[in-house]
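Shown next, in structure tokens, is the structure this report addresses.
The values are calculated or read from the model by the stated rules, or taken from the named source; none is laboratory data. Only a predicted model underlies this, so the values are computations on that prediction, with no experimental measurement involved. Here Cβ is always computed from backbone atoms with ideal geometry, including for glycine, and neighbour counts include all displayed protein chains. Side chains included, ligands, DNA and RNA excluded: accessible areas come from the protein's heavy atoms. Shrake-Rupley method; radii C 1.70, N 1.55, O 1.52, S 1.80 Å.
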There are 2 protein chains.
Amino acid sequence: MTDDVNNDQSSDNKEQIKNERHKKKSQKQKEKVDAGIAKATEERGIVIVITGNGKGKSTSGFGTVARAVGHGYKAAVVQFIKGQWDCGERNLLQQNGVPFAVMGTGFTWETQDRAADMAAAEEVWAEAKKFLADPQYHVVLLDELTYMLGYDYLNSEEVLDAIRNRPAEQSVVVTGRGAIKPLRDLADTISEIKDEKHAYRAGIKARKGVDW
Amino acid sequence: MTDDVNNDQSSDNKEQIKNERHKKKSQKQKEKVDAGIAKATEERGIVIVITGNGKGKSTSGFGTVARAVGHGYKAAVVQFIKGQWDCGERNLLQQNGVPFAVMGTGFTWETQDRAADMAAAEEVWAEAKKFLADPQYHVVLLDELTYMLGYDYLNSEEVLDAIRNRPAEQSVVVTGRGAIKPLRDLADTISEIKDEKHAYRAGIKARKGVDW
């Protein structure tokens with residue numbers, strides 16, 4: 001009986017010590033976060049680049065669009081490459097008033113026609129430029145733009161200038177593998193997504209509502 | 001005049017060679033992709049873990065939910081930690097019929113109360129378990145679950161069992177830094193997002209419609 005009480009007390013003490021330690025650690029963390037917030041004072045739209053070979057680049061871009069739209073802001077989407085797929089996120093966002101400009105060919109390794117791809121890229125880029133010049137858009141997603149720059153389908157100087165000269169309050173999200181250096185230099189935020197494991201390599205079929 | 005014609009012909013030739021090279025490269029790429037697709041034959045819901053310290057984890061999870069909903073599937077979201085923020089993506093998805101379970105405390109370093117955080121975690125986990133047992137949900141997003149496991153706020157064996165025993169057609173997306181090893185082992189797909197650059201560190205304020 002005495003032993004039980006002692007055990008209870010000792011386990012209560014342990015729990016208390018754990019809680020105190022957590023409180024101290026949290027206070028330190030809070031101070032650090034608060035100091036960071038106090039230092040970040042500049043207010044303007046930013047350029048976010050989501051690159052790397054892992055899953056989650058386009059979904060991250062579309063999640064940001066959903067975020068903006070959910071706050072009542074206007075957002076626009078330009079889809080390079082993957083345009084012609086039946087695309088769940090496009091359905092939902094279009095239903096919620098987001099304009100889409102979609103490239104007229106599928107994957108480039110499907111079409112195997114460089115000249116046609118370049119013409120299609122120029123066509124959709126003309127739409128993108130309009131969004132990038134229009135201050136009513138809080139967020140513009142340029143989904144899979146990186147390939148257009150990497151393959152020289154679009155003039156990278158022209159593209160980067162259009163992004164650089166966008167309205168001050170507008171943020172731009174660029175997704176795709178292999179972002180070129182001048183785009184990285186222009187970016188305020190870069191996330192590099194590493195593919196650590198992929199269901200596909202384990203023989204699992206790409207899935208509607210998850211992979212597209 | 002003859003020189004001009006020759007130059008034109010030579011540049012035409014160069015363009016043709018470039019196009020041919022592109023065509024061959026694309027064909028190889030297509031064969032590789034097609035072979036991969038042919039091998040991936042298993043059809044079932046998957047577990048996706050989006051971890052790492054870079055920006056884009058939650059937005060990627062929410063983009064996947066938008067994708068599922070846009071195809072007419074049902075999806076559910078459980079928000080650990082960030083729950084009480086005014087959150088654009090939640091507004092939009094709730095308007096489109098997605099149920100949310102939201103943890104009753106803010107950031108843990110704000111509350112500094114381990115016992116209260118643990119109780120709040122258990123409460124929202126009870127909701128999560130219902131989604132994970134319900135075959136009507138095609139996708140369940142467990143946003144920032146990783147911290148609950150890393151801090152031992154939830155029993156990781158219980159959590160992993162619930163994910164493991166979910167309906168066969170259901171996919172689960174888990175986001176947050178520092179995914180623990182047993183969760184990584186269970187995952188079909190893991191993306192590790194590296195923070196290469198962040199606007200915040202350059203003194204730019206977090207932005208409504210972009211950062212939350």
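What the table below lists for this structure:
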item: Chain B, dipole about Cα centre (Lys/Arg Cβ +1, Asp/Glu Cβ -1), debye to the nearest 20; result: 500
item: Overall Cα dimensions of segment B:118-188, principal axis frame, Å, largest first; result: 30, 26, 18
item: Dipole of the protein assembly as shown, positive direction: furthest Cα of B:Gly72, A:Gln170, A:Tyr73, with charges on the beta-carbon; result: A:Gln170
item: Relative contact order (percent, whole number), segment B:63-212, Cα cutoff 8 Å, 6+ residue spacing; result: 24
item: Average other protein chain Cβ within 10 Å of Cβ, residues B:31-37; result: 2
item: Per-residue [θ]222 nm for chain B (sum of -39500 (n - 2.57) over DSSP H runs n ≥ 4, rounded to 500); result: -15500 deg cm²/dmol
item: Peptides B:58-70, A:147-159, B:20-32, B:188-200 ordered by average Cβ neighbours within 10 Å, highest first; result: B:58-70, B:188-200, A:147-159, B:20-32
item: Using a 7 Å Cα-to-Cβ projection, A:Asn19 label spacings across copies, nm, ascending; result: 7.5
item: Pairwise FRET efficiency - A:Asp185 versus A:Ala206, Cβ, R0 = 35 Å, nearest 0.05; result: 0.55
item: Label geometry 7 Å along the beta-carbon vector: B:Arg44 inter-copy distances in nm; result: 5.1
item: Separation in nanometres of the label points that stand 7 Å from Cα toward Cβ, at A:Glu122 and B:Gln27; result: 2.7
item: Residue-normalised accessible area of the protein assembly as shown, given per residue in Å² at a 1.4 Å probe; result: 47
item: Segment A:47-195: C-alpha gyration tensor shape, a/c 1.5 cut-off, then a/b vs b/c; result: rounded
item: Between B and A, accessible area buried - total, square angstrom, nearest 100, 1.4 angstrom probe; result: 7400
item: A:Ala115 paired with B:Asn155, simple spin-label distance in nm, labels 7 Å along Cα-to-beta-carbon; result: 6.8
item: Average beta carbon contacts from partner chains per residue of B:48-56, 10 Å cutoff; result: 6
item: Carbon/sulfur fraction of accessible area - chain B, other protein chains in place, 1.4 Å, %; result: 48
item: Residue pairs, from the table A:Lys205/B:Lys32; A:Lys30/B:Lys55; B:Lys129/B:Lys194; A:Lys194/B:Lys55, whose Cα atoms sit over 21 Å apart; result: B:Lys129/B:Lys194
item: Ascending list, in nanometres, of distances separating the B:Asn155 label from those of the other copies (7 Å, Cα toward Cβ); result: 6.6
item: Residue-averaged beta-carbon neighbours from other chains (10 angstrom radius) around B:91-104; result: 2
item: Test item: Cα-centred dipole of segment A:112-212, Lys/Arg +1 and Asp/Glu -1 on Cβ, debye; result: 560
